[in-house]
Amino acid sequence: MAITCPRCLKHPLKVEQKSGVYAGGGAVGFMLMRAFSGKHACPDCGTIPLSDFSPETRQGIILRKAGLVFGSLVLLVALVAFLIWMAN
């Protein structure tokens, strides 16, 4: 679901990511990168701070980020549990 710019109400926002920051972390690093380094940007207005969004949109963004963090932690715990199981 694309989020429309709250300033100009014209363009869908793109999420700018820092590439390669968590490249060594695999899937967990990728999920954490998506959760923490994404900034919403409009082609006309530039970077949009979280405070400019409506409360409903802000809540959706925060819930998606929390879901990514939770999912990465679950994946990490599952990986460690699998490795412990394989060692026994």
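Please treat every number below as a calculation from the coordinates, not as lab data. Because the structure is predicted, anything quoted here is derived from the model rather than measured. We place every Cβ from the backbone using ideal geometry, glycine too, and count neighbours over all the protein chains shown.
Is there any pair linking a residue in segment 30-58 that is in contact (Cβ under 8 Å) with a residue 40 or more places away in the chain and closer than 12 Å to Cys8 by Cα to one that is among the small types (Gly, Ala, Ser) and surrounded by 11 or more Cβ atoms within 10 Å (Cβ to Cβ), with Cβ under 7 Å and at least six apart or on different chains, and which?
Matching pairs, first to second residue: Ile48/Ala41.
Looking at Ile62, is it within 16 Å of the chain's Cα centre (by Cα) and in contact (Cβ under 8 Å) with a residue 40 or more places away in the chain?
The answer is no for Ile62.
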